[in-house]
Every structure is written in C-alpha cells, then in structure tokens.
1. Points 7 angstrom from Cα along the Cβ direction at residue 609 and residue 461: gap in nanometres?
2. Taking the mean number of other Cβ atoms within 10 Å as a proxy for protection, how do you rank 427-433, 680-686 from highest to lowest?
3. Calculate, in nm to one decimal, what residue 672 and residue 50 gain on full extension: separation in residues at 0.36 nm each, minus their alpha carbon distance.
4. If you stretched the chain out fully between residue 110 and residue 616, how much longer would it get, using 0.36 nm times the residue separation minus the C-alpha to C-alpha distance?
5. Could you work out how far apart the two model spin labels at residue 178 and residue 305 are, taking each label as a point 7 Å from the Cα in the direction of the beta carbon, and quote it in nm?
6. Please give the contour-minus-distance gain from residue 470 to residue 651: 0.36 nm per residue of separation, less the Cα-Cα distance, rounded to one decimal in nm.
7. What whole number of Å gives the distance from the Cα centroid of region 84-135 to the Cα centroid of region 173-204?
8. For labels at residue 529 and residue 413 in the simple 7 Å Cα→Cβ model, what's the distance in nm?
C-alpha cells in the first residue's frame, strides 16, 4: 500500500470514528481497571480488618482463661481461708511454667515471691478490687485477682507467665500460620511475639516501611475496633492490620501477604489486564466486572445490614429470656413451695416419693431457667462457682433418671459404670458439675441413632485430701470430622449442619461446658472418629468430706430419700409480727405456709398501697416486699415508707422477695435501700435464717432438735383459708402450670392425696 493510501485511510471519517471509539474504549478500560483495583483493595482491607477483630477476640478469650482459672481458686480461698497453702501447692503443680504467688495487702508475700508495683503497676488495681492483666518487658505477663474476706480485700493472687514462655503459651495464629500477628501494649511494647517468626519478620515489622503505617492504624482504633491498610513494600504487597483486644489494654497488630489475604482475588485483575489487549473484549469484560463488583459491594452491604438485624434480634432475645425467666420463677415458687409443705406435714412413704420427684423435677426446671442466664454471665465474666457439700450418688441418679428414658425411647443401650468406691461426701459446685455432664449426655443421645451411650465415672486419690473424679461419655453416634473440632467449641455453632439439620439444639452446650470446666481448673477432652462415635471426658478435683464409699448409686439415692429428715423449724417467735407484700395470692399462701411452724403472726397485702395502710395501723418487726407489682412497685413502696417519718415502721427492716435473679440484682436492690434480698422460688431454710438475722432477739425462741407437735399458725389473713378444698388449690395451681398436662396431673394427684 502506498503512503498516500495510508494517509487517505487515516483521514477517512469512518476510520477517525473508529480511532476515537478505540481511544474512548481505552480510556474507559483504564478507568474501569483503576476502579476495579480500588474496590478490590477496599474489600480485602475490610475482610482483613474483620479477621483481625476475630483473632483479637480469640486472644482475649485465651488471656481471660487465666483470669477465670485464678477466680476459681480465689473462690475456694474466700470459702476456706485456711486452705491457702493447699491451694498454692495445687496451683504450683498444675502450672509448671508459671510463677504463682499470694500477696498480703501490705505487699508482702504470703506464698511465692513478692511482686513490685513498680514492675507491675496493675497489681495496685487488684488491691483495689479489680482483676488485671499487666506486663513488664523484663519479667513477663502478670494475671492478678483480689481475694475478699467479707467486704474487704485480704489478699491478691497472681500468676506470672515468664517472658521466655509467653510465645509458647499465647502466640497468635492467623491465616493458618501464613499471617504474622503479635500483641503490643499501648506503649508499643512487644508482649506476645509472632508465631513461628524469623529475625527478618521482626525486623520487617519494626522497620521504616511498616512502623508509620501501624502508628496510623493504632490512632484510628479510637474510632473503630479494628483497621487495615494495604502497602507496597520492598518485600512485596502486604495488608497491615491492627485491632483492640477486648477486656485488656493491649492491641493486636500484624501483616499478611496480599496473595493470602485476597485468597486468589488478584487473579481476576491479571485476567482482566491480559484480556485488556483486546479492546472490545476489555470493554465487555470490564463492564461485566464492574457490574459484578458493584453487586458484591451491594451484597456485602446487605450482609452487614443482616448482621445488624441479627444482633438487634439477639439483644431482643436476651431481654425476652430474662423477662421470661422472671415470669417462670413465679409459678415454680408456688409449685416448690406447696411441695415443701407436703414434705413437711406428711410421712406417707409413697406420698413423700412423689413429692421428692416433684421437687427434683422443679429444681431441674429451675436449673434450666438459670442456664438461660448462665451464658450471659459467662460472656460478661460474672459467673461464680458456689462450692457446697454434696453426695455424688444423688447427682448421678438425677442424671440417669432424666436421660435413660430418652435414650431407651430411641432404642439405645444406656450403660452406666460407676466406681462404687468413690467417697460419698464431696465438696465442690455440684450444680455446675451436673450441668457439664448433662450437656455431654444430652449431645450423645441426640447424635446417636443406634448402638449405645456409655457413662463412666471413676476416681483417683490425691495426696492433699482430694479426689480426681474422671467422667467420660461415650457414644456410637455420627462422630466429628477433624476439621470441625474447633468450630464445635464456638457458641451457636453446629458442625456438619447439612447432616444434622434435623437435630434439635442451639449449639450453646459444649461452649458452656468448656468455660465452666476452665473455671474449675479442668478441660474437656474429645476423641472422635467420623461415622463411628465420640468420647467426651474431663477430670475434676473435689475435696473429700466423707470417705465412706458411695456404693450402688441407685440404692444410695433410695436410702437418702427414705432417711430424709422431716422438716423442723429453726425457731419459734409467737410474739413477732411480719408483713408480706405480693400481688399474687398464691405467693402469699406459699410464704405464709413455709413459716407456719414458726408461730410468727403474719399479715399479707396484695398491693403496695394496701401494705402502706397496714403499716399505719400496726407495728411490724420485718417487712417482705415483692419488687414487681402493678401500680406502685416494691422500690417505690420502700421509698414511700422511708419518707413517712411519722410511720411506726419507717425504719423497720425491709427485705425484697423477688423472682428477679439476674446478675447484679442483689447489689441493685441493696443500693435502693433494702436490708436484704431473697429470690424466688423461696428457699425455706434461707427464709428462716433471714428472719433470725432481723427479728428482735427477745422475741426468738430457738427450737430443739427433737420432734415437736405441729402447732397452728397465728395469722390474721390466712386463718379462713385453712378450710379451702383441694379442688380450689388445684385450680389455683392450674393458672401457673398452663398447658403442661403431665405436670398438672402429677400435682393434682398429690393435692388430692393430701386432702384425703
């Protein structure tokens, strides 16, 4: 082609349009390519920031586990201060690498070595009542908790993780070990180094390229919990991240390669750049990519909104469950209260067996309601262990009686192997131990369709007056895949969801078990083969109070029922007068009935206003007030009574009697001015103990241990109710039981037998 022809073609109008179109396509393609990278980088930064927040939360849980372990030990010392040497020795044996100690309030060491406030300023905060995690770059990481004697701090217990052991114990892993993460103090002191780090990694992190980026990210944490920034460095492209570690003064920082963080997303960019050589295809691919990317951004926004809605729903659910637990406690109070009166007044063995079964079922139902609140307590770090003396055979019998029928209804063999030489009397939190075993058995039965569920309970003696109780629950169920093991311990998570979609449950059980065992210095061990079955086990130390062997747990339970001592009042006070205020008449009947044999004169009122009228006419020694009443509530009534200076009862002891058992309720009521707090269902023994504390001493006659005839109660409001028929009481109970037909039939049978 001649030069003149080429020149002519260039000046051809159609060619000019094509050239212009190509230039426009190139320009649009460049813009799309730039926009695509911007969106991609932003998306990956968001993903890495969220991953950093998740890793920080996991790190917080690891650090909090040490505080939970110390809190369990401090609760033992608060209950038994004389065991300080025993607890210290036990702690030293369990924690080989840790330095353990107990300090007096003057800073001297009771056990272990002295820890200086100059080295660990956080120890001063523990002397003021706080659980603290503090760090010294020369010595290591210190965990400290206060130990109370009554309302005063007597000691501070600490656990020091030496600097040389910090990496092994608390090293942080992210992106399956391919990312680098460490823990820093607010002063940028290195606390926990990288997992499997090299000298080059450390130098690169603290070098000139990354340090300024980390500084900006840490400053941005004042506005958000986590942040991330992409950088191009001499070693390649990285995403740098930082996040606050909840419940501590530390933060998580680190970096991850862009290829790992983007998980292959960069391949899309390379593909588009290569296709970009073909202009038309580039335009099409770029347009499609932009649409897809925009759709992804929109989808991500939708996910964020869905997460927000889910969080709001979760908060609403928590509020609902707290309210429902209060409402359910009210009928349980009536059922257990009337059952207690049957146990007190009738000696018929068959009737007492029925009544004991109702008591056990009611207490089990009450424990379920308490479990609703337990998870929130554990989440907020307010869960406390309450050790008591108990008989392990009763715990085992309750578990078997609850779960054996359920297993056998599925055609499963339910096998219980218990070492009959286990000491009968133990000291520990039997409620939490029972809760852990029950969750394991429940899961075993749920996830086993054929075969057997085996419970093994054994023990070993220790040298410090304790025993190590070993509990194992084995099943021939579906088993757990190795990759699902970690997810199994996450709250609300269920492994193998597609296969288990018909299995009931929320996924809270194993998470609660893990955290409760951590509080009791134990851990859950899991062995499983997918498709063949699983074994869950743990070992827990308990103090021995009675070395007599337990024997057959079933016979031991029957013997304990037959030898249950009849109720005997702790005192009588025929000249004392009290007022009980509650808007539910059944609650007044229960409270009055539980105090029947004390001979106290009892007045009752169905409203706060009516109660205030009573206080103007008579003088009372103690006033019990419900908190939730229509119109004027219990707190309002208390303030009104205290404000009436001319009222003869304005300064009398007032005790709140409530179904509100959420964490912090006692402290809140005491702050409002109540002298004491009792929760529903009413514990009869605790009710009498409370009256012993507040009734005038000259009005109390302490009871003897021998049996005495049941005397008629001296009450003004309930005398006419003695002639009420059994049918009327049955109908009163029906209102509180609702649609539970089996429970209603059982209570109806009991009441009819009582009134024969």
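What follows draws every value from the coordinates through simple rules; no lab data is involved. Quick caveat: nothing in here was measured; it's all calculated off a predicted structure. Neighbour counts run over all protein chains shown; Cβ positions are idealised from the backbone, glycine included.
1. Between residue 609 and residue 461, the label points sit 7.0 nm apart.
2. 427-433, 680-686
3. 219.7 nm
4. 176.6 nm
5. Roughly 3.4 nm, to one decimal.
6. 59.8 nm
7. Their Cα centres are 28 Å away from one another.
8. Going by the 7 Å Cα→Cβ label model, 1.6 nm.
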